[in-house]
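*Asks:* So that we are looking at the same thing, I have put the structure below in structure tokens.
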Amino acid sequence: MWLPFVLTFLLLQLYQVAALKGDSQCGYLVCVNATVHHDTITYQMTARQERMGWLALGFGRHMAGSDMVVMWRNEDESLTISHRHGYDHTEPQVVEEPLRTAFLPMLQPTVWDSKLNPANTLAFSIPLDKSQWVHKPEKNGTFEPLIWAYGMTRPASPDPHTTIYGHYAAGMLLLNLEKDLPGTPPEDSINDTTMPRPSQDTQTASEERLPYTTHELIVLGHGFLVAIGMLVLLPAGALVARWTRTCTDRWFKLHKLLNYMIALPVILVGWLLGPFAVFEARASHFTDAHQISGVLILVIYLLQLSLGRYIHARRGRPNRATHAPSNIFHVCLGLVVIGAGFLQVRSGMNKWEAHTAKELSHWCHILWKVWIIALPVLYLLGLSLLKRQFYQESHGLNPSSAPKHYVALSPDEGHRSMLFNADIDLDSLPDYGYPNNTTNGLTKEAETAVPLLRRN
């Protein structure tokens, strides 16, 4: 007699579970998972940094004019919910009687992604409100705009009215809360708000389909340009200087073109996108090793460029050593910049994956590992040309050091070659009684060490 009622009840329960809707998305430093159940929605916020003070979720597109729920974990592991309203870029004010009152779920939901830290996860439930949902035809869905904020310092008191310190980062999310959630039914009951966890294949496909946010595109541009400048252009300039200076006097032009005229604007634009990305995320500047190292590397790179221009301006001056300390320091600084660039790019790759939950293509890691080994090998092999370089310099045969209008007349190893400046007026030279255009004249010039040969 009771069997039909029991079956009907179980079918209704299964239908309700299968009908769970919600969405999840990760911002710069905060991930949000939302599950809709009847007229209630549960939001799960997870900080992606180990240090967490407080988390906030606001309902709207901008801080000004948005209601928000601020949460933090106290020293005794209790949770505080504070209803606030944003007014411009000041501390949100406490709302005594909010339009919707948030409350703690009976059970705090388990973390929805194994990559996230459960200790940095806070959840609250609130009555459903579709008044601010926006339909986007291009995305074929209806989305709820949300703003998030992340603070690194925990408020001093569990009182909801206590002062909260300024946020470290903030951003915006769009959640499609009409999307069906895949997963299995909870083990306890329908009132257990444990989030259904998607399968690994479904989760991976969902991550691949997520479009890049504006912030992520800025960060990608920053990483791409800096990587091209630091790992391609600067090493190419160093290899040109190491391998071709004994072969052609045009090596310096190519070295300058790569390291200065092309690399400088590429690196500067890429570097500036970094602070702009932090500003766009409303985060604090120069708060981690990656950001501070980026400033130091840029300063060293600019110093190395300035030193190179100083050396080039003084070349050819009398009594100047062939290998002055400034030349050696210039080379050392260049190698330091390239080495630091490799570490900085690697740090940026790790930071991207940690903050966006989006893994870079596997070939990026492979290419970085291959290049960090191949580049030093190529440079060290180029050091085999030092003997040839020193010989050319000691005999005036080095294309890089010989003035433009000079030619070497004697390649004999016993003494330095005689050089002739074509700008010198031939009429001012002594007359040795033979024409300058005869073969004997050429021989006599070399024998008497008198440079009378004009270079055509």
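*Asks:* Explain nothing, just the number: relative contact order of segment 237-387, from Cα pairs under 8 Å at least 6 residues apart, as a whole percent.
*Replies:* Relative contact order comes out at 28 percent.
*Asks:* Here's a follow-up. Obtain the nm distance between the two label points defined at Ala354 and Thr40 by a simple spin-label model: each point lies 7 Å from its Cα along the Cα-to-C-beta direction.
*Replies:* 3.7
*Asks:* Same structure again: Highest mean first, what order results for 325-335, 268-278 on Cβ atoms within 10 Å?
*Replies:* Sorting 325-335, 268-278 by mean packing, highest first, produces 268-278, 325-335.
*Asks:* Excluding Ile338 itself, what net charge comes from residues whose Cβ is under 14 Å from its Cβ, given Lys and Arg +1 and Asp and Glu -1?
*Replies:* Residues close to Ile338 contribute a combined charge of +2.
*Asks:* GluC sites (Glu not before Pro) within segment 66-151: which are DSSP loop residues with at most 15 other Cβ atoms inside 10 Å?
*Replies:* Sites meeting the loop and neighbour criteria: Glu75, Glu77, Glu96.
*Asks:* While we're on this one: How far apart, in nm, are two points set 7 Å out from the Cα along the Cα-to-Cβ line at Trp363 and at Ala64?
*Replies:* Placing both labels 7 Å beyond Cα along the Cβ direction yields 4.6 nm.
Throughout, read-outs are computed from the coordinates displayed, never taken from laboratory work. Because the structure is predicted, anything quoted here is derived from the model rather than measured. Methodologically, a virtual Cβ is constructed for each residue, glycine included, from the backbone with ideal geometry; neighbour enumeration extends over all protein chains shown.
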